[in-house]
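The values are calculated or read from the model by the stated rules, or taken from the named source; none is laboratory data. Note that the structure is a prediction, hence the values are computed from the model and not measured. With ideal geometry, Cβ positions are generated from the backbone for all residues, glycine too; neighbour counts draw on all protein chains shown.
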Amino acid sequence: MSVRIDRILQLSNKRDFYNAIKAFDKAIEIDPGFIKAYFVRGLTYSRLGDKQRAMGDLNRTIELDSQFAGAYNARGNVYTSMNNSPLAIKDFEKAIVLDPNLAESYCNRGVLRVQVGEYKRAMADLDRAIRLNPEYAEAFVFRGVALGLTGNRIDGIKDLDRGVEILEQSISRDPRIEKEMASFLSMAYFFQGTNYISVNKTEQGIGSLKKAARLGNNQAQDSLRSKGIEW
């Protein structure tokens, strides 16, 4: 079965999601207790935006292995996408208890805390995520956002610059992920631009806003439009 799961994972990694799901269906039919198949099929459904099926598979994964930190983290992401922050945070916290070195769970909890204005607690989570994974673009971006919102725009810009740099390098290495990452990258450019403008680095700020606008960021487009600037 290990050879089979490796082949299926290759389909998922190549973004051949529908064929990957068919292969996972078959694997689960052969072995209904195949934990990894439920887990990765759940991740695949999540990437396709099928929240209900993703939730079903991740619930089943946790039923089969209640100590699977990654499954709690993944289910927390689905709860986040469903705007259920309390249950998302509960799952992220469970994942951290099970695996204190799971950088993604610290980052995910930190992002939710940024969104509700708990900036100090958010930055503690994002600090931890970055210590665990110094190349964690999302953690740098959201720590930069939090720093900017608390008035520390200089350090915020440093973090946003680093986050954007990592994202751009990732896309350069694998252009297939550009579409998938466009929304997040546009948000990063937007906050990078607004923070630059707030410290009177207008040219750099406008440049970042233009990048965000070209990726479809409505806030960046409105900001540039209000200034009479095309993108």
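The residues of segment 71-89 that are touching a Ser or Thr at 6+ places or on another chain (Cβ under 9 Å) and among the small types (G, A, S), listed by number, are A71, A74, G76, S81, A88.
Restricting segment 196-221 to residues that are in a loop (DSSP other than H, G, I, E, B) and within 20 Å of I154 (Cα to Cα) leaves a set whose member that is farthest from the chain's Cα centre (by Cα) is N200. Here G193 fulfils each of the conditions (1) surrounded by fewer than 23 Cβ atoms within 10 Å (Cβ to Cβ); (2) more than 18 Å from the chain's Cα centre (by Cα) apart from (1).
Here R131 meets each of (1) without any contact (Cβ under 8 Å) to a residue 12 or more places away in the chain; (2) part of a helix (DSSP H, G or I); (3) closer than 30 Å to L48 by Cα with one exception, condition (3).
Of G70, G49, all but one fail to be at pLDDT below 95, farther than 17 Å from A146 by Cβ, under 17 Å from the mean Cα position of the chain (by Cα) and surrounded by fewer than 21 Cβ atoms within 10 Å (Cβ to Cβ); the exception is G49. Checked against (1) of a type outside the set (G, A, S); (2) surrounded by 15 or more Cβ atoms within 10 Å (Cβ to Cβ); (3) in contact (Cβ under 8 Å) with a residue 60 or more places away in the chain, R176 passes all but condition (2).
Scanning for something under 21 Å from L98 (Cβ atoms), touching a Leu at 6+ places or on another chain (Cβ under 6 Å) and part of a helix (DSSP H, G or I), does segment 17-32 turn up at least one residue?
Within segment 17-32, the subset under 21 Å from L98 (Cβ atoms) is none.
Checked against the condition, which is being under 21 Å from L98 (Cβ atoms), touching a Leu at 6+ places or on another chain (Cβ under 6 Å) and part of a helix (DSSP H, G or I), segment 17-32 yields no hits at all.
If I ask for residues that are of a type in the set (A, V, I, L, M) and surrounded by fewer than 23 Cβ atoms within 10 Å (Cβ to Cβ), which ones from segment 118-129 would you list? Spell out how you get there, then give the answer.
Just the residues of segment 118-129 that are of a type in the set (A, V, I, L, M), to begin with: 122-124, 126, 129.
Result: M123, A124.
Of the candidates R128, R143, R153, the single residue that is under 19 Å from A220 (Cβ atoms) and either among the basic types (K, R) or modelled with pLDDT under 95 (or both) is R153. If you check L224 against the conditions, is it over 16 Å from the mean Cα position of the chain (by Cα), at pLDDT 95 or above and more than 24 Å from Q115 (Cα to Cα)? Yes; evaluated as a whole, the condition is true for this residue.
Checking the stated criteria, A88 turns out not to satisfy the condition of being among the aliphatic types (A, V, I, L, M), within 21 Å of Y18 (Cα to Cα), modelled with pLDDT of 95 or more and in a helix (DSSP H, G or I).
Taking segment 91-106 only, how many residues are surrounded by fewer than 24 Cβ atoms within 10 Å (Cβ to Cβ) and in a helix (DSSP H, G or I)?
Going through segment 91-106, the residues surrounded by fewer than 24 Cβ atoms within 10 Å (Cβ to Cβ) turn out to be 93-94, 96-104.
Applying the additional criterion that residues be in a helix (DSSP H, G or I) yields 93-94, 96-98, 103-104.
Result for segment 91-106: 7.
Based on what the data block shows, is M55 surrounded by fewer than 16 Cβ atoms within 10 Å (Cβ to Cβ), of a type in the set (A, V, I, L, M) and at negative phi? Taking the combined requirement at face value, the residue does not satisfy it. Within segment 107-128, the set of residues being outside any helix (DSSP H, G or I) and either of a type in the set (F, W, Y) or on the phi > 0 side of the Ramachandran plot (or both) comprises just one member, G117.
The conditions of being surrounded by fewer than 14 Cβ atoms within 10 Å (Cβ to Cβ) and within 17 Å of F140 (Cβ to Cβ) are not met by I166.
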